[in-house]
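Engineer: This is the structure I have questions about; it appears just below.
The values are calculated or read from the model by the stated rules, or taken from the named source; none is laboratory data. Just so it is clear, the structure is predicted and the values come from calculations on it, not from any experiment. Please note: Cβ atoms are built from the backbone with ideal geometry, for glycine as well, and neighbour counts cover all protein chains shown. Calculation scope for accessible area: heavy atoms of the full protein, side chains included, ligands and nucleic acids excluded. Shrake-Rupley method; radii C 1.70, N 1.55, O 1.52, S 1.80 Å.
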Amino acid sequence: MEKIQKLKREKKAVILAHNYQRPEIQDIADFLGDSLELSLCATQTDAKIIVFCGVNFMAETAAILNPEKKVLIPDRNALCPMASMLPADLVRLYRRKYPRAKIALYINSLAEAKAYCDAVCTSANAAEIIDRVNSDVVLFDPDVNLAKYAEKHTGKKIVPIPPVGFCPVHKLFSRGEVLRIKRMHPDAVLMVHPECNPDVCEVANFVGSTSKMLRKTLTSKVNKFIIATEVGYLYRLEKNRKDATFMPAYKDAVCVNMKLHTLEKVYTCLKNERYRVTLPPRILDMARKPVEFMLKTS
Ligand code: 13P
Ligand code: SF4
């Protein structure tokens with residue numbers, strides 16, 4: 001950790017980490033957050049190097065917003081399977097097929113897919129962004145569950161294209177299991193990420209992105225929470241509310257991709273300035289527009 005801090009100062013680097021990172025990575029991060037907060041942070045830093053401890057689409061977003069900076073990822077294999085479920089070709093096809101339709105993509109998508117959409121959103125702002133898209137019908141991908149959640153909170157018709165994308169980690173939560181835990185702890189607040197199936201969201205006391213969950217726990221008088229999202233997030237919640245108990249709704253809900261980054265890899269990443277996240281200039285330019293649309297409205 002000391003070596004990382006020293007290198008970071010020498011190289012004028014900053015470490016951004018997602019809420020699902022290993023505890024030791026959370027501890028060395030200069031900034032910890034959800035997808036929206038990390039995107040905003042990437043626009044505000046004056047560091048020359050950004051070390052991104054998250055999955056590919058998050059590091060790509062930082063690169064889209066900072067073409068002049070070096071964005072590095074400690075492990076190149078940290079890929080989000082949901083983002084891989086939407087090939088860019090499919091977005092291009094829908095763009096051609098429905099030239100007047102508006103397309104919104106979840107930030108959990110590849111830069112080459114974002115390049116062909118009108119707006120990007122995260123789980124923290126999906127409803128607000130879709131409300132601002134200038135059309136009553138919005139094509140949306142890749143997360144079908146987030147599409148359903150957003151439709152419930154907007155006056156718009158949201159059409160998933162095609163209706164198949166999901167997060168393999170959030171799919172692990174079942175209504176039966178969360179209800180069983182809730183029965184055992186009737187005084188606890190059940191918090192669910194909108195990537196979970198709608199029948200799980202339906203029985204939640206609170207549905208929101210990781211940043212929204214944190215804010216909720218900080219202002220709540222309750223001191224017992226059941227958390228239906230990736231288990232690594234409990235470390236951050238516990239650190240911020242030492243008086244409260246946080247129970248995972250499913251203890252094996254682990255995003256293995258998020259856990260690929262280790263302290264050793266962060267150190268070599270900084271030392272050798274690799275692996276750099278690079279994208280073709282045309283994709284960078286095209287994808288910047290829908291990402292900036294989101295940031296302007298956040
Ligand atoms: P958040 O934006 O809520 O952190 O979610 C990102 C993610 O990948 C959830 O699986
Ligand atoms: Fe992708 Fe799911 Fe992992 Fe989030 S938790 S990065 S959506 S696989």
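Engineer: Can you say whether LYS271 is open to solvent by 20 Å² or more (accessible area, probe 1.4 Å), more than 16 Å from the chain's Cα centre (by Cα), at pLDDT below 95 and over 30 Å from LEU172 (Cα atoms), as far as the supplied structure shows?
Structural biologist: no
Engineer: Can you pull out the residues in the range 179-197 that are surrounded by fewer than 21 Cβ atoms within 10 Å (Cβ to Cβ) and within 16 Å of ligand 1 (Cβ to nearest atom)?
Structural biologist: Result: ASN197, single match.
Engineer: Let me ask another. Suppose we filter THR229, THR217 for residues that are within 12 Å of ligand 1 (Cβ to nearest atom), of a type in the set (Val, Ile, Thr) and open to solvent by less than 10 Å² (accessible area, probe 1.4 Å); which single one remains?
Structural biologist: THR229
Engineer: Quick one: in the range 122-145, which of the residues that are within 12 Å of ILE158 (Cα to Cα) and charged (D, E, K, R) is nearest to the chain's Cα centre (by Cα)?
Structural biologist: ASP143
Engineer: Just name the residue that is surrounded by the fewest Cβ atoms within 10 Å (Cβ to Cβ) out of those in the range 105-120 that are more than 16 Å from ligand 1 (Cβ to nearest atom) and not aliphatic (A, V, I, L, M).
Structural biologist: Filtering first and then ranking leaves ASP118.
Engineer: List every residue pair whose Cβ atoms sit under 8 Å apart, with the two residues 6 or more apart in sequence or on different chains, where the first one lies in the range 161-178 and is assigned to a loop (DSSP other than H, G, I, E, B) and away from ligand 1 (no atom under 16 Å from the Cβ) and the second, anywhere, is of a type in the set (Gly, Ala, Ser) and modelled with pLDDT under 95.
Structural biologist: Within 8 Å, no pair qualifies.
Engineer: Looking at LEU32, LEU36, LEU86, can you tell me which residue is within 16 Å of ligand 2 (Cβ to nearest atom), touching a strand residue (DSSP E or B) at 6+ places or on another chain (Cβ under 8 Å) and open to solvent by 20 Å² or more (accessible area, probe 1.4 Å)?
Structural biologist: LEU32
Engineer: Next question, about the same structure. Right, GLU68: at pLDDT 95 or above and among the acidic types (Asp, Glu) or not?
Structural biologist: When the stated conditions are applied, GLU68 does not pass them.
Engineer: Of the residues ALA62, ALA42, only one is within 16 Å of ligand 2 (Cβ to nearest atom), within 22 Å of ASN272 (Cα to Cα), part of a helix (DSSP H, G or I) and open to solvent by less than 30 Å² (accessible area, probe 1.4 Å); which?
Structural biologist: ALA62
So that you can scan it fast, the table gives a plain yes or no per residue for (1) under 24 Å from ILE25 (Cα atoms); (2) more than 16 Å from ligand 1 (Cβ to nearest atom):
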{"site": "VAL55", "(1), (2)": "yes, no"}
{"site": "LYS69", "(1), (2)": "yes, yes"}
{"site": "LEU72", "(1), (2)": "yes, yes"}
{"site": "ARG92", "(1), (2)": "no, yes"}
{"site": "ARG96", "(1), (2)": "no, yes"}
{"site": "PRO99", "(1), (2)": "no, yes"}
{"site": "ILE103", "(1), (2)": "no, yes"}
{"site": "THR122", "(1), (2)": "yes, no"}
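Engineer: If you take the residues of the range 12-29 that are open to solvent by 50 Å² or more (accessible area, probe 1.4 Å) and not in a helix (DSSP H, G or I), which of them is modelled with the lowest pLDDT?
Structural biologist: Within the range 12-29, the match that is modelled with the lowest pLDDT is LYS12.
Engineer: Is it the case that ARG100 is closer than 24 Å to VAL144 by Cβ, open to solvent by 10 Å² or more (accessible area, probe 1.4 Å), charged (D, E, K, R) and not in a helix (DSSP H, G or I)?
Structural biologist: When the stated conditions are applied, ARG100 passes them.
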